[in-house]
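Chemist: Please see the structure below; I have some questions.
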Amino acid sequence: MVRIEVVTAVRAEPRRVFEESLSVDVHVASMSASGERAVGGVTSGRMGPGDEVTWRARHFGVTWRMTSVISACDAPARFVDEQVAGPFRRWWHEHRFEDDGDGGTVMRDVVEFAAPLGVLGRIAEKAVLRRYLTALIVRRNQHLKAVLEEG
């Protein structure tokens, strides 16, 4: 299993960052390069505890579907989304939001994932997936930061 942690500073209060992080529309806009869109469950607006969404996107030239659920939610401090169906053997993503003491937020994404296919999956995790998924989270966070700081 692989663990990724990405920390992003946002000049917006934690509650706003928390709420926009649960927006399907903001997520879709941040992932436009992969054509990601919500095709099932909550397909627009904000998600909440227990909500599911099915994403469809193109990565590595292949179209993927992944259904995730908001499995934990402690507003405005954190929420967790987990894969319930999709390409990973495990996908767990915790989003944390901490007041930076200056009116802003330290947003911390912690992702634990495991690829399928045994040894081949572990090779893919180290060779490609860790770096690729980290870049996706950074791209998403930079989009979210821009929406909140410019809005």
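The values are calculated or read from the model by the stated rules, or taken from the named source; none is laboratory data. Just so we're clear, the structure is a prediction, and the values are computed from it rather than from any experiment. Cβ: placed from backbone, ideal geometry, glycine included. Neighbour counts: every protein chain shown. What goes into the accessible areas is simple: the full protein's heavy atoms, side chains included, and nothing from ligands, DNA or RNA. Shrake-Rupley method; radii C 1.70, N 1.55, O 1.52, S 1.80 Å.
Chemist: In the stretch 1-86, which strands (runs of 3 or more DSSP E) lie fully inside it and hold 2 or more residues that are over 21 Å from Arg131 (Cα atoms)? Full working, then the answer.
Modeler: On the way: elements: 2-10, 37-41, 52-59, 62-74, 78-85.
Correct list: 37-41, 52-59, 62-74, 78-85.
Chemist: Please determine whether any residue of the stretch 25-45 is surrounded by 14 or more Cβ atoms within 10 Å (Cβ to Cβ), within 15 Å of Phe97 (Cβ to Cβ), touching a Ser or Thr at 6+ places or on another chain (Cβ under 9 Å) and among the charged types (D, E, K, R).
Modeler: no
Chemist: For the stretch 1-24, name all the residues that are touching a residue at least 60 places away in the same chain (Cβ under 8 Å), open to solvent by less than 60 Å² (accessible area, probe 1.4 Å) and not small (Gly, Ala, Ser).
Modeler: Val2, Ile4, Val6, Thr8, Val10, Pro14, Val17, Phe18, Glu20, listed by residue number.
Chemist: Taking Gly104 as the residue in question, decide whether it is surrounded by 14 or more Cβ atoms within 10 Å (Cβ to Cβ) and at pLDDT below 95. Break it down stepwise before answering.
Modeler: Working: surrounded by 14 or more Cβ atoms within 10 Å (Cβ to Cβ): yes; at pLDDT below 95: no.
No, not satisfied.
Chemist: Free of Cβ contacts under 8 Å to residues at least 60 places away in the same chain, in a helix (DSSP H, G or I), over 23 Å from Val26 (Cβ atoms) and of a type outside the set (Ser, Thr, Tyr): does that describe Gly101? Please lay out each step first, then the result.
Modeler: Details: free of Cβ contacts under 8 Å to residues at least 60 places away in the same chain: yes; in a helix (DSSP H, G or I): no; over 23 Å from Val26 (Cβ atoms): yes; of a type outside the set (Ser, Thr, Tyr): yes.
Spelling it out, it is not the case that Gly101 is free of Cβ contacts under 8 Å to residues at least 60 places away in the same chain, in a helix (DSSP H, G or I), over 23 Å from Val26 (Cβ atoms) and of a type outside the set (Ser, Thr, Tyr).
Chemist: Just name the residue that is farthest from Ile4 (Cα to Cα) out of those in the stretch 118-146 that are polar (S, T, N, Q) and in contact with a strand residue (DSSP E or B) (Cβ under 6 Å, 6 or more places away or on another chain). Outline the logic, then answer.
Modeler: Taking the stretch 118-146 and keeping what is polar (S, T, N, Q), we get 134, 141-142.
Narrowing the set further to residues that are in contact with a strand residue (DSSP E or B) (Cβ under 6 Å, 6 or more places away or on another chain) leaves 134, 141.
Values: Thr134: 7, Asn141: 14 Å.
Here the residue is Asn141.
Chemist: Here's a follow-up. Given the conditions (1) within 16 Å of Glu36 (Cα to Cα); (2) hydrophobic (A, V, I, L, M, F, W, C); (3) within 16 Å of the chain's Cα centre (by Cα), which single one is not true for Val69?
Modeler: (1)
Chemist: Out of all the residues in the stretch 50-68, which are in contact with a strand residue (DSSP E or B) (Cβ under 9 Å, 6 or more places away or on another chain) and surrounded by 13 or more Cβ atoms within 10 Å (Cβ to Cβ)?
Modeler: Taking the stretch 50-68 and keeping what is in contact with a strand residue (DSSP E or B) (Cβ under 9 Å, 6 or more places away or on another chain), we get 50-58, 63-68.
Within the stretch 50-68, Asp51, Glu52, Val53, Thr54, Trp55, Arg56, Ala57, Trp64, Arg65, Met66, Thr67, Ser68 qualify.
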